[in-house]
Amino acid sequence: MRRNVAAALILLAGTLDAAAQDWPSAPVKIVVPFAAGATPDIVARLIADRLRNTLDRTFIVENRPGASGNTVTDAVAKAAPDGATIGVSIGGPLAINPLLFGKLPYDPRKDLALITLLVTQPSVLAINAGLGVDTTRGLIDLVGRNPGKYAFGSIGAGSLSHLVMEASRSKAARTGARALPLISASDDGADRQ
């Protein structure tokens, strides 16, 4: 399961010694490297509510979007090993970023304890029905006939949604769609042209 980090994972900055204590002895911060409303945020809030109700302790969700999730993931990796900081993330900061960035301040395999797979989330390619295409091939052909006219949204450069679309563009070399990273995973991009 350590290698299957393509879905949301919970990262616990702690050791077996910390787990053996009466946990939690202080408020626990659950940090999320994405904006409120993004899937990892929703998962973190569900976990926080369940832990709060089960353990009658304080669990606080803190959203810190930016830097492709690297800043928060590094903070979890460097947190005191007392179990007071937990991270909820997706595959980007754990599996994709080590491949995309020359050097990260953390090593997900050495600095983090990947505890469990929380959810799986399908990816869907959706388009406006008015485009008149109903297959991926039809979409690729349409975009290829109109270089520079279309854009695709993703949750950000280097994200799984971005990489899948870039791979699609690469396979259909003539496709001219522009990447349009959204401000955050919960941004609907409504103000973009």
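Hey, any hits in region 87-97 for a residue that's over 14 Å from the mean Cα position of the chain (by Cα), closer than 20 Å to R64 by Cβ and modelled with pLDDT of 90 or more?
no
Conditions (1) in contact with a His (Cβ under 8 Å, 6 or more places away or on another chain); (2) acidic (D, E); (3) closer than 24 Å to W23 by Cα; (4) assigned to a helix (DSSP H, G or I), marked per residue:
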| residue | (1), (2), (3), (4) |
| --- | --- |
| A84 | no, no, yes, no |
| G92 | no, no, no, yes |
| I96 | no, no, no, yes |
| R109 | no, no, no, yes |
| A126 | no, no, no, no |
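Scan region 43-81 residue by residue and report those that are among the hydroxyl-bearing types (S, T, Y) and touching a residue at least 12 places away in the same chain (Cβ under 8 Å).
Residues satisfying the conditions are T58, S68, T71, T73.
Got at least one residue in region 35-51 being acidic (D, E) and assigned to a helix (DSSP H, G or I)?
yes
Going through V124, V119 one at a time, which residue ends up being under 18 Å from the mean Cα position of the chain (by Cα) and exposed (fewer than 10 other Cβ atoms within 10 Å of the Cβ)?
V124
Please count how many residues of region 11-37 are modelled with pLDDT of 90 or more, surrounded by 17 or more Cβ atoms within 10 Å (Cβ to Cβ) and among the aliphatic types (A, V, I, L, M).
Count: 5.
For I60, which of the numbered conditions (1) over 24 Å from A157 (Cα atoms); (2) at pLDDT below 95; (3) assigned to a strand (DSSP E or B); (4) not small (G, A, S) fails to hold?
So the condition that I60 fails would be (2).
Restricting to region 137-165, count the residues that are free of Cβ contacts under 8 Å to residues at least 60 places away in the same chain and outside any helix (DSSP H, G or I).
Residues meeting the conditions: 9.
Can you tell me which residue is surrounded by the most Cβ atoms within 10 Å (Cβ to Cβ) among those in region 149-179 that are at pLDDT 80 or above and farther than 19 Å from G92 by Cβ?
Ranking the candidates gives Y150 first.
Go through (1) under 22 Å from I155 (Cα atoms); (2) touching a Pro at 6+ places or on another chain (Cβ under 7 Å) for G91 and report which single condition fails.
Against the list (1) under 22 Å from I155 (Cα atoms); (2) touching a Pro at 6+ places or on another chain (Cβ under 7 Å), G91 comes up short only on (2).
Given (1) modelled with pLDDT of 85 or more; (2) under 20 Å from the mean Cα position of the chain (by Cα); (3) not in a loop (DSSP other than H, G, I, E, B), where does G130 come up short, assuming only one miss?
It fails just one condition, (2).
Return the total of residues in region 48-76 being surrounded by 19 or more Cβ atoms within 10 Å (Cβ to Cβ) and touching a strand residue (DSSP E or B) at 6+ places or on another chain (Cβ under 7 Å).
Result for region 48-76: 9.
The values are calculated or read from the model by the stated rules, or taken from the named source; none is laboratory data. Nothing here was measured: the structure is a model prediction, and the numbers come from that model. Neighbour counts are summed over all protein chains in view; Cβ atoms, including those assigned to glycine, are modelled from backbone coordinates with ideal geometry.
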